[in-house]
């Protein structure tokens, strides 16, 4: 999901016809900022309302270590972590005993948010964790995993355990079409796409460009559907509605991540800037669980699994599931296998 604006920029560079440009520059285009709240499957309330996010509290009791899911801030909304009954990471973690559970619900970028940087998002994440009460168990999904790892290195005493799922950490590792595209793509092309959106990556416009190549079987692959035909049809309709709801990203924030993460691979080099310091992953000594997707379209498994050699953690667990990228977060089989194991792992040694 995080990579789709990058693909759109690549299409802009390669386009010989004006179809792409017409889509991206349509003056009367919808803003893609949803007018209503995204539907969540599990009962929750907004614990904290911050400029970049709503902190959603799903807790069902318990005063022990809180688990905070750092959701992706990408093309789609954070309810990827709580899609539907039987396809909800939130539901799986709650049933697995993580009763003190919260999720970062990132806001779609409005025009006045266009200059927000990665530091703005890390600062609000820090405020959220202070509100919850440190240390927390931090679970990062895709781009949210990158943010979670950076946060754990920047504030090591505020994190107890760390879970990363489908997160691109060492972007020079493995074989990924998208890391190769990022290295080859001029930043000026990405900035041009952002300029067309008043300084933002407009999710709706990107989605319309990519829909012809992405729409098809991704819902079936992501949900790993089981059960009767009527239930599968209902879930696919829900997936289509979720897929059509997009968010906007600040151009500055996306530019920084593309440059520092993909072009310069700074997490590996040890000079990724975050809130006034350069991040050194050797400062990460937390128990670490890495969950990769064997058939991930966006993140080569080794791009995540190489994190194990970059940190100083004495306890590192690894799993690779035979699934696609989205299935890591909403697939029925992955939730009932890998994430149940992760919930047990989080509960060990005094977890909630």
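The values are calculated or read from the model by the stated rules, or taken from the named source; none is laboratory data. Just so you know, these numbers come straight off a predicted model, no measurement behind them. Methodologically, a virtual Cβ is constructed for each residue, glycine included, from the backbone with ideal geometry; neighbour enumeration extends over all protein chains shown.
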### Message
Looking at segment 88-96, can you tell me whether even one residue there is more than 20 Å from residue 348 (Cβ to Cβ), crowded, with 18+ Cβ neighbours inside 10 Å and out of contact with any strand residue (DSSP E or B) (no Cβ under 7 Å at 6 or more places or on another chain)?
### Response
yes
#### Entry: Which listed residue is modelled with pLDDT of 75 or more, closer than 21 Å to residue 301 by Cα and either out of contact with any helix residue (DSSP H, G or I) (no Cβ under 6 Å at 6 or more places or on another chain) or crowded, with 24+ Cβ neighbours inside 10 Å (or both), from 197, 166
166
### Task
Taking the residues in segment 32-85 that are within 19 Å of residue 166 (Cβ to Cβ) and without any contact (Cβ under 8 Å) to a residue 60 or more places away in the chain as candidates, determine which candidate is nearest to the chain's Cα centre (by Cα).
78
### Task
Go through (1) closer than 16 Å to residue 149 by Cα; (2) in contact (Cβ under 8 Å) with a residue 40 or more places away in the chain one by one and return the number of the condition residue 270 breaks.
(2)
## Note on the structure
In segment 334-345, anything in contact with a strand residue (DSSP E or B) (Cβ under 8 Å, 6 or more places away or on another chain) and either surrounded by fewer than 17 Cβ atoms within 10 Å (Cβ to Cβ) or on the phi > 0 side of the Ramachandran plot (or both) is listed as 337, 341
### Query
Pairs under 8 Å by beta carbon, first residue in a helix (DSSP H, G or I) in segment 94-115, partner surrounded by 24 or more Cβ atoms within 10 Å (Cβ to Cβ), six or more apart or different chains?
94/58; 94/101; 111/200; 113/200; 113/250
### Query
If you scan segment 35-58, which residues turn out to be at pLDDT below 95 and surrounded by fewer than 13 Cβ atoms within 10 Å (Cβ to Cβ)?
35, 36, 37
### Task
Given the conditions (1) closer than 18 Å to residue 346 by Cβ; (2) surrounded by fewer than 24 Cβ atoms within 10 Å (Cβ to Cβ), report the number of the one that residue 185 does not fulfil.
(1)
### Query
modelled with pLDDT of 90 or more, farther than 21 Å from residue 299 by Cα and within 20 Å of the chain's Cα centre (by Cα): does that describe residue 272?
no
### Query
Applying the selection to segment 317-333, what residues are in a helix (DSSP H, G or I) and under 14 Å from residue 139 (Cβ atoms)?
328, 329
### Task
Might you check whether a residue that is modelled with pLDDT of 95 or more, buried (at least 21 other Cβ atoms within 10 Å of the Cβ), more than 14 Å from the chain's Cα centre (by Cα) and closer than 23 Å to residue 283 by Cβ occurs anywhere in segment 137-148?
yes
### Among residues of segment 49-73, those that are within 15 Å of residue 135 (Cβ to Cβ) and in contact with a strand residue (DSSP E or B) (Cβ under 7 Å, 6 or more places away or on another chain), counted
6
### Query
Would you pick out the residues in segment 298-312 that are surrounded by fewer than 19 Cβ atoms within 10 Å (Cβ to Cβ) and free of Cβ contacts under 8 Å to residues at least 40 places away in the same chain?
308, 309, 312
